[in-house]
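The values are calculated or read from the model by the stated rules, or taken from the named source; none is laboratory data. Source: prediction; values computed, not measured. A quick note on method: Cβ atoms are made from the backbone with ideal geometry, for glycine too, and the neighbour counts reach across all protein chains shown. Areas reflect the complete protein model, heavy atoms only, side chains present, ligands, DNA and RNA absent. Shrake-Rupley method; radii C 1.70, N 1.55, O 1.52, S 1.80 Å.
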Amino acid sequence: VQLVESGGGLVQAGGSLRLSCTASGGTFTNYNMGWFRQALGKEREFIVGISGSGRRTWYADSVKGRFTISRDNAKNTASLQMNSLKPEDTGVYYCARGLEGRIGCLLPEDYDPWGQGTLVTVSS
């Protein structure tokens, strides 16, 4: 499966962005999906995950209450609505497919394949 992210850009602090991840060439519905981000000079960090059905989600504390993940299995897409953005949310955002069905996976090694990333820049 190939994953392609879109929707990144430049936004002022307090603003919103909506990222999308579109899957093609493989199975999407039965797999968890995750969003990660990587700031310049830092390790890739988990942001949010969603189960294959979309019924279960899990969030990093840093984005809880501000970000919302959703998926549309009919369209092979997973979306990330980001509100109340902060400068520290700046980074490259990646979507990835979970390797197994276990809920709550947080580590990058629990996900594969990955999209190419989309840059989000939040100005202060």
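The number of residues in segment 12-33 that are of a type outside the set (Val, Ile, Thr) and either under 17 Å from residue 2 (Cα atoms) or free of Cβ contacts under 8 Å to residues at least 40 places away in the same chain (or both) comes to 12.
List the strands (runs of 3 or more DSSP E) inside segment 47-101, counting only whole elements, that have at least 2 residues being within 18 Å of residue 119 (Cα to Cα).
67-72, 77-82, 91-98
Do we have any residue at all in segment 43-61 that's open to solvent by 20 Å² or more (accessible area, probe 1.4 Å), over 18 Å from residue 101 (Cα atoms) and among the polar types (S, T, N, Q)? Within segment 43-61, none of the residues are open to solvent by 20 Å² or more (accessible area, probe 1.4 Å), over 18 Å from residue 101 (Cα atoms) and among the polar types (S, T, N, Q). All conditions but one from (1) open to solvent by 10 Å² or more (accessible area, probe 1.4 Å); (2) in contact with a strand residue (DSSP E or B) (Cβ under 7 Å, 6 or more places away or on another chain); (3) farther than 21 Å from residue 108 by Cα apply to residue 84; the one that does not is (2).
Let's see how each residue does on (1) without any contact (Cβ under 8 Å) to a residue 60 or more places away in the chain; (2) at positive phi:
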| site | (1), (2) |
| --- | --- |
| 35 | no, no |
| 43 | yes, no |
| 56 | yes, no |
| 64 | yes, no |
| 73 | yes, no |
| 98 | no, no |
| 104 | yes, yes |
